[in-house]
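Here the structure is laid out as C-alpha cells; the discussion comes afterwards.
The values are calculated or read from the model by the stated rules, or taken from the named source; none is laboratory data. If you're wondering where the values come from, they're calculated on a predicted model, not measured in any experiment. Note: ideal-geometry Cβ built from the backbone for every residue, glycine included; neighbour counts use all protein chains shown.
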Amino acid sequence: MRLLRANLLTQILIAFVIAITLGIIFGESIEIIAPLGDLFLRLINFIIAPLVLATLVIGVASIGDIRSLGRVGSKTVGFYLITTAIAIIIGLGLAFLISPGEGLSLDTAVTEEVEVNESEGVIQTLLNIVPENPFTALTQGEMLQIIFFAIFIGLAITVVGKKADPVHRFFDGFAEIMFWITGVIMRFAPIGILGLVAPIIGEYGASVLLPLLKVILAVAIACLLHAIIVYSSSIKVFSGMNPFTFFKGITPAAVVAFSTASSAGTLPVTMKNTQENLGVSNKISSFVLPLGATINMDGTAIYQGVAVMFIAQFYGLELSLMQILTVVLMTVLASIGTAGVPGAGMIMLAMVLASIGLPLEGIALIAGIDRILDMFRTTVNIVGDASASVVVAGTEGEFKERSAVIDSENEAKRKI
Ligand code: ASP
C-alpha cells in the first residue's frame, strides 16, 4: 500500500530494480510480462498525434502574439531556436563520442528486422511535409505533416484575431486535456517499465545495462557543457552579468525542476528567481519565461539527440547526413511542441524516431531510465529559459534596479 503512495520516481526506480531481478532470475521466460510494456508503448503512441497538434498550435499561437512585442519577440524566439539547435548538436556529438549503444550483441534477427527509411531525396522529403489531407495525416500519424498543419493553425489563429478566439480557447483546453492524459500515462510508467525492461534483461542479460549508464553520463555531460558553454557565454556577452551570479540566482528553480521534472510546474519559481535574484524586469520575465516553458526545451533536445544516436547504435544503424539534418529539424520542432510536464520529451522522442524510420521499440531501451534523464533535461530547460530572459533584458536595458539586486546581495552578505 505504501508503495502505491510513493512518488513516481521512487516507484520507477523500484520497478526498474524489480525488472532487472526478474529478468536475471527467469531469463527468457519473463517474456510473459512483455504485454505490459507493449501496453505502455501503445499508450504513448496513442497520445502523440493529438498532443503534438494541440501543444504546437498553442505554442505557435503564443509566438504569434509576440508580434505586438516586435523586437523583444524576435530576439527571444531567435535565442530559443539557436540554443536548441546547438543543444541537439551537442547531444548527438557527445553520444557519438561516448557511443553508449555500440558493442551490444543483439540477435541478428532483431537487427535484420530494422530497416531505416531510404532517403527519398531532398525535394520529395520537403514536398512530403505538406499534407494532401491533414486529417489523413492525423489518422496515419504523419508527424511532419501534422506539424505543418499545427503551425498553420497557430499562425492563422493569431492573424485572424478575435474571430479565431473560440478555436484558440478550444486548443488551449484541448492541450490541457492532453497534458492531463500524459500525466495519467506516466502514472502507468512503473508497470510499463517492468514489462519493457525485464524481458530485455531476460533475453540479453544484465550487461545490457552498462550502455544505459553511459546514456545517463552522456546526457549529464552534454547538459553541463551546454550550460557552461552556451548559457555562460551568451549571458556574459549580452548582459555583462557574471555567469556565477546567474547560476547562483537560478539555483532554487533548478532544484525544483530537477525534483519535479516539470518546467511548467517550476515556472512560478523560475519567474521569482529571475526577477528577484537576477533583476530581470517583470515585463521581460513575464513574457520570455512562460513562452520558454512552452516552446524552449534545450535539455529535451540534448536528450533526444543522445537517445537517437544511442538507439541507432544499438540497432547497428548508421545515420546518413540527411537523417541527421532531419533529426536536428525535428528535434527543434519537437522542443516547441513538448509540454513542460514529466515524460513529455520521451513521447516526442517517438516522433523524432518515426521521422527517420528508427524503430519505436528503441524507446523501450531507455524508458526505464527516462525519469532520471528527465530530471537533468528539465533543469537545463528552465535554466535555458532564465538565460534567455537575462540575455533579452541585457540587450533591452531591462534590468530593474540592478543596483537593488546587488545591494540586497551585499546586505545578505553583511547579515551572514
Ligand atoms: N519534463 C520536461 C519539462 O518539463 C519535458 C521533457 O519531458 O523533456 O521540461
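Do we have any residue at all in the range 125-135 that's surrounded by 15 or more Cβ atoms within 10 Å (Cβ to Cβ) and modelled with pLDDT of 90 or more?
For the range 125-135, residues surrounded by 15 or more Cβ atoms within 10 Å (Cβ to Cβ) and modelled with pLDDT of 90 or more: present.
Among the residues of the range 17-60 satisfying the criterion of being of a type in the set (D, E, K, R) and under 22 Å from residue 183 (Cα atoms), which is surrounded by the fewest Cβ atoms within 10 Å (Cβ to Cβ)? Quick ask: steps written out before the conclusion?
We begin by selecting, within the range 17-60, every residue of a type in the set (D, E, K, R); these are 28, 31, 38, 42.
Then keep just the ones that are under 22 Å from residue 183 (Cα atoms); that gives 38, 42.
Details: 38: 14, 42: 12.
Among those residues, the one meeting the criterion is 42.
Tell me whether the range 153-162 contains one or more residues that are within 30 Å of residue 230 (Cα to Cα) and either assigned to a helix (DSSP H, G or I) or at pLDDT below 90 (or both). Before you say what the answer is, go through the steps one by one.
Residues of the range 153-162 that are within 30 Å of residue 230 (Cα to Cα), as a first pass: 154-155.
Right, trim to either assigned to a helix (DSSP H, G or I) or at pLDDT below 90 (or both) and you get 154-155.
Yes: the range 153-162 contains one or more residues that are within 30 Å of residue 230 (Cα to Cα) and either assigned to a helix (DSSP H, G or I) or at pLDDT below 90 (or both).
So, in the range 307-335, of the ones that are within 12 Å of the ligand (Cβ to nearest atom) and of a type in the set (A, V, I, L, M, F, W, C), which residue ends up surrounded by the most Cβ atoms within 10 Å (Cβ to Cβ)?
Looking only at the range 307-335, we keep the residues that are within 12 Å of the ligand (Cβ to nearest atom), and these are 307, 331, 334-335.
Within this subset, residues satisfying the condition of being of a type in the set (A, V, I, L, M, F, W, C) are 307, 334.
Numbers: 307: 31, 334: 29.
Per the criteria, the residue is 307.
Would you please list the contacts, defined by Cβ atoms under 7 Å and residues six or more apart or on different chains, that run from a residue in the range 250-271 that is outside any helix (DSSP H, G or I) to a residue that is not aliphatic (A, V, I, L, M)?
Note: pairs meeting the criteria are 261/342; 261/371; 261/374; 261/378; 262/340; 262/342; 262/378.
Please go through the range 336-371 and give me each residue that is within 16 Å of the ligand (Cβ to nearest atom) and not aliphatic (A, V, I, L, M), ordered by number.
337, 338, 340, 342, 343, 345, 368, 370, 371
Got a sec? Which of 262, 286, 239 is under 28 Å from residue 218 (Cβ atoms) and of a type in the set (S, T, N, Q)?
Values: 286 fails: under 28 Å from residue 218 (Cβ atoms); 239 fails: under 28 Å from residue 218 (Cβ atoms).
When all the criteria are applied, what remains is 262.
List every residue pair whose Cβ atoms lie under 9 Å apart, where the two residues are 6 or more positions apart in sequence or sit on different chains, the first residue falls within the range 331-347 and is over 17 Å from residue 189 (Cα atoms), and the second residue, located anywhere, is assigned to a loop (DSSP other than H, G, I, E, B) and more than 6 Å from the ligand (Cβ to nearest atom).
Listed by first residue and then by second, the contacts come to 335/296; 336/296.
Read through the list (1) touching a Phe, Trp or Tyr at 6+ places or on another chain (Cβ under 9 Å); (2) more than 12 Å from the ligand (Cβ to nearest atom); (3) over 21 Å from residue 55 (Cβ atoms); (4) not acidic (Asp, Glu), then give the number of the only condition that residue 272 fails.
Going through the list (1) touching a Phe, Trp or Tyr at 6+ places or on another chain (Cβ under 9 Å); (2) more than 12 Å from the ligand (Cβ to nearest atom); (3) over 21 Å from residue 55 (Cβ atoms); (4) not acidic (Asp, Glu), residue 272 breaks only (1).
Given the conditions (1) within 28 Å of residue 355 (Cβ to Cβ); (2) in a helix (DSSP H, G or I); (3) modelled with pLDDT of 75 or more; (4) not aliphatic (A, V, I, L, M), report the number of the one that residue 112 does not fulfil.
The one condition residue 112 does not meet is (3).
In the range 377-387, is there at least one residue being more than 12 Å from the ligand (Cβ to nearest atom) and modelled with pLDDT of 80 or more?
Yes, the conditions are met somewhere in the range 377-387.
Hey, among the residues in the range 287-304 that are out of contact with any Leu (no Cβ under 6 Å at 6 or more places or on another chain) and not aliphatic (A, V, I, L, M), which one's nearest to the ligand (Cβ to nearest atom)?
This residue is 300.
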